[in-house]
Amino acid sequence: MIPHNRPWITEEDRAAVDAVLRSGWIAQGREVELLEADFVRFYGRGGACAVSSGTAALFLALKALGIAAGAKVAIPTYACSALLNAIYMAGGVPKVVDVLPDTFCLSPDALTHQAPDAAYVIAVHTYGAPADIAALKQPKHKLIEDCCQSLGGENIEGLLGSGSDAAVFSFYATKIITGGQGGMVWANDRSVSETAKDYRQFDCRENYEPRFNLQMTDFQAAMIRSQMNRLQAIRERRKKIAKAYLEVLPQGLMTQSSVADAEHMPYRFVVLAPDLHSREAFRAHLTKKNIGCTIPLERYELLHRYLREDVNKFPNAEHIVDKSLSLPIHSALTDDEVEYIIAAIAKFKL
Ligand SMILES: *Cc1c(COP(=O)(O)O)cnc(C)c1O
């Protein structure tokens, strides 16, 4: 079976982790500081705070941007439950909004109708597809970019994450680069990352306030730093695979619209079939050939369903879950595996 996902860990990654293990300092320390400095250099400005997960990064971004109890936070319904968890932990109230049918990202139009009074908006660059940040950026709310699936991707304004009040990242095992677990808050305004760091530094404080241990270890940071060094290679590899799949995609099958974009970091290769029946036929075809493909988000996971809202208000998200199938595109795929998958895609008849 070719797995849908597999971490890509090199000898350099192992050496970087081993050096920390031998150093005598394995908790948050110098490597975490260096990883934060790497992110500031990557964006060319701002401040960064490394944390234990992407969820912790979302929570801290909301806290650092001054969320008040009961504040409304707009989020796309087509997203993982981590968004809900972070909002509830920060004392906010989630307002779910439908997505666009082509990018699967937050619909600016639906935002106007479904959450006109949101104080915060979290825009996810879903599977690497850039959300419409230009339209979502408005003076009446603070904007957080969830870059957990889009590290290194760009839009016309530059690196994803750079155009809003804060950006968050995850280094979970299946993400673009990984430390097993881990997360990051980056913000143009350094006071945001400094507030996040203050919250993370829970121990040995002169003045007590409730804070929390959301720290990353130095060996995770070393592994993530080692992988940051080959971020461009990871992007080129993923783009090359996406292009090859696209070229042989049978008539009638589409993809998430951004897949062909040059500036894109393809995190998932999501095929859109015309209907549930043909999606299931494509899935059966690939599974028979031992290719690990998944439904990237199941219907029951849609956030409006978790919150028991009227499903008729989220037609695009309801539609996407029936038609989508995610194929392996991770950077640990061998050339032989990629060739095998290309041949299998090309053989499918709708
Ligand atoms: C993975 C992910 C998260 C949560 O990150 P964890 O590190 O698993 O806590 C949040 N948002 C998006 C879009 C993600 O893909």
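Highest GNM mean-square fluctuation among I26, I234, I133, for the chain modelled with Cα contacts below 10 Å: I26.
Using the Karplus relation 6.51 cos²θ - 1.76 cosθ + 1.60 with θ = phi - 60°, the per-residue 3J(HN,Hα) values for segment 163-172 come to x, 9, 7, 6, 10, 10, 9, 10, 10, 4 Hz, with x marking Gly and Pro. Between E301 and K243, how high is the FRET efficiency from 1/(1 + (r/R0)^6) when r is the Cβ-Cβ distance and R₀ = 51 Å? Nearest 0.05. The pair E301/K243 has a calculated efficiency of 0.95.
The simple spin-label model puts a point 7 Å past each Cα toward its Cβ; for D275 and E194 those points are separated by 6.0 nm.
Placing dummy labels 7 Å off each Cα toward the beta-carbon, the span from E236 to H319 is 3.8 nm. Rg and Dmax of segment 230-350, based on Cα coordinates, read 15.2, 46 Å. Looking at segment 271-328, the accessible area is 49 square angstrom per residue; that uses a 1.4 Å probe and ignores ligands, DNA and RNA. In this structure, the residue pairs whose Cα-Cα separation is over 31 Å, taken from K313/K347; K323/K347; K197/K240; K137/K197, are K313/K347; K197/K240. Surface composition of segment 99-213: carbon and sulfur atoms hold 51% of the protein heavy-atom accessible area at a 1.4 Å probe.
A Cα-only calculation for segment 304-348 places Rg and Dmax at 17.0, 46 Å. For segment 62-214, the solvent-accessible area works out to 39 Å² per residue, with a probe of 1.4 Å and every protein chain left in place. Each part gets one Cα centre, and for segment 204-265 versus segment 326-349 those centres are 20 Å apart.
With a 1.4 Å probe and every protein chain kept in, tell me what percent of the accessible surface of segment 259-339 is carbon plus sulfur. So the carbon and sulfur contribution to the accessible surface is 46 percent. As an exercise, take the mean of 1/r over every pair of distinct alpha carbons in segment 85-213, invert it, and state the Kirkwood radius in angstroms. About 16.0 Å for segment 85-213. Each eigenvalue of the Cα gyration tensor of segment 191-246, multiplied by 5 and square-rooted, gives one semi-axis; in descending order these are 39, 13, 9 Å. The alpha-carbon atoms of the chain, seen along their principal axes, cover 68, 51, 33 angstrom, with the largest extent given first. Our estimate of slack between V93 and A262, defined as 0.36 nm per intervening residue step minus the Cα-Cα distance, is 57.2 nm.
The values are calculated or read from the model by the stated rules, or taken from the named source; none is laboratory data. This one's a predicted model, so the numbers in the text were calculated from it and none came from an experiment. Every residue, glycine among them, receives a Cβ derived from its backbone with ideal geometry; neighbour counts consider all protein chains shown. Accessible surface is based on the protein model in full, side chains and every heavy atom, while ligands, DNA and RNA are left aside. Shrake-Rupley method; radii C 1.70, N 1.55, O 1.52, S 1.80 Å.
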